[in-house]
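Student: Dropping the structure in here first, questions after.
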Amino acid sequence: MTAAPREQTLSDRPSEIERRYSAGAERPLGSYMILMGTYGALVGALSALARLRRAPLPTRVPAADLALLTVGTYRASRLIAKDSITAFLRAPFTRFEEPAGSGEVNEEVIGRGLRHAIGEWISCPFCIAVWIATVGAFGLVMFPRATRLACSILAAASGSDALQFAHARLQDADS
C-alpha cells in the first residue's frame, strides 16, 4: 500500500512548497511573487505621484469614465497580449504556435522562473488587463484629458473591430 503524500506546512521551504504545488508543471511561485511585488510598487509609485501632483483620488469614478476605461483596457490588453504587431514584446518569453485569426496569434510560454512568469503575464489579456486598468485609472486622476483621449482611441478601435466582424458575417450570410 502506498503512503499518502505528506501535507504541506508553513514550515516547508519555499522550493518544496513550489515543487508540490506545481505537480510537475512550470508554476514559478517565487517569480509570481516578484510580479505581484512589482505591481504593488507600481501602485505605490502612482499613488505617490498623484499626491505630489496634488491630484485627489476620487470617491467614485463617473460611469462614462468607467465605461471608456473598460473598453480601452479591453483593447489595450488584446493589443499587448495577442496582436501580431506586438509579438516582438512577447517573443523573448513566448514561442509562436499559430495564427489565431484577425491579426492575433496563439503563443506558448517558454522558459523557467521569472522568464516563464513574465511570459504568462504578457501573453494573457486577462492578466495584463489589471495592470493596464490600474495605469488608466491613475491616468484619469492625474492626466484626465490625455487618458480620456488614449482610451477613446482604443475604444474606437474596439468599435471598429466589432464592425469589421459584423461586416464579415454579413458577407458570409450573403454567400
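Student: I34: at pLDDT below 90 and either part of a strand (DSSP E or B) or β-branched (V, I, T) (or both), yes or no? Step through it out loud before you land on a result.
Tutor: On the way: at pLDDT below 90: no; either part of a strand (DSSP E or B) or β-branched (V, I, T) (or both): yes.
No, not satisfied.
Student: Related question: Counting residues that are touching a strand residue (DSSP E or B) at 6+ places or on another chain (Cβ under 8 Å), which helices (runs of 4 or more DSSP H) fully inside segment 63-156 reach at least 2? Quick ask: steps written out before the conclusion?
Tutor: Details: elements: 63-81, 87-90, 113-122, 125-142.
The qualifying helices (runs of 4 or more DSSP H) are 87-90, 113-122.
Student: Let me ask you something else. Has segment 96-106 got any residue that is open to solvent by 60 Å² or more (accessible area, probe 1.4 Å), touching a residue at least 24 places away in the same chain (Cβ under 8 Å) and hydroxyl-bearing (S, T, Y)? Step through it out loud before you land on a result.
Tutor: Of all residues in segment 96-106, those open to solvent by 60 Å² or more (accessible area, probe 1.4 Å) come to 96-99, 102.
Next cut, touching a residue at least 24 places away in the same chain (Cβ under 8 Å) only: 102.
Still in the running and hydroxyl-bearing (S, T, Y): 102.
The answer is yes; a qualifying residue exists.
Student: What are the residues in segment 69-78 that are of a type in the set (A, V, I, L, M, F, W, C) and either without any contact (Cβ under 8 Å) to a residue 60 or more places away in the chain or open to solvent by less than 40 Å² (accessible area, probe 1.4 Å) (or both), if any? Quick ask: steps written out before the conclusion?
Tutor: Step one: list which residues in segment 69-78 are of a type in the set (A, V, I, L, M, F, W, C), which gives 69, 71, 76.
Once the filter is applied, which keeps residues that are of a type in the set (A, V, I, L, M, F, W, C) and either without any contact (Cβ under 8 Å) to a residue 60 or more places away in the chain or open to solvent by less than 40 Å² (accessible area, probe 1.4 Å) (or both), segment 69-78 yields L69, A76.
Student: So which residues in segment 111-160 are open to solvent by less than 60 Å² (accessible area, probe 1.4 Å) and more than 20 Å from the chain's Cα centre (by Cα), if there are any at all?
Tutor: Residues satisfying the conditions are V141, M142, P144, G159, S160.
Student: Scan segment 147-167 and report the pairs whose first residue is closer than 26 Å to V61 by Cα and whose second residue is among the aromatic types (F, W, Y) and open to solvent by 60 Å² or more (accessible area, probe 1.4 Å), with Cβ atoms within less than 9 Å and a gap of 6+ or a chain change.
Tutor: L154/Y74; A155/Y74; S158/Y74
Student: Shifting gears a bit: For segment 44-61, enumerate the residues that are in a helix (DSSP H, G or I) and surrounded by 15 or more Cβ atoms within 10 Å (Cβ to Cβ). Break it down stepwise before answering.
Tutor: To start, the set of residues in segment 44-61 that are in a helix (DSSP H, G or I) comprises 44-52.
Scanning segment 44-61 gives L46, A50.
Student: I need a count of the residues in segment 135-154 that are closer than 10 Å to T73 by Cβ and touching a Leu at 6+ places or on another chain (Cβ under 7 Å). Talk me through it step by step, then tell me what you get.
Tutor: Let us first name the residues in segment 135-154 that are closer than 10 Å to T73 by Cβ, namely 135-137, 151, 154.
From what's left, touching a Leu at 6+ places or on another chain (Cβ under 7 Å): 136-137, 151.
Total meeting the criteria: 3.
The values are calculated or read from the model by the stated rules, or taken from the named source; none is laboratory data. All figures in this text were calculated on a predicted structure; none of them were measured in a lab. When we count neighbours, we look across all protein chains shown, and the Cβ atoms used for this are built from the backbone with ideal geometry, even at glycine. Note: accessible area is taken over every heavy atom of the protein model, side chains too, but ligands, DNA and RNA are not part of it. Shrake-Rupley method; radii C 1.70, N 1.55, O 1.52, S 1.80 Å.
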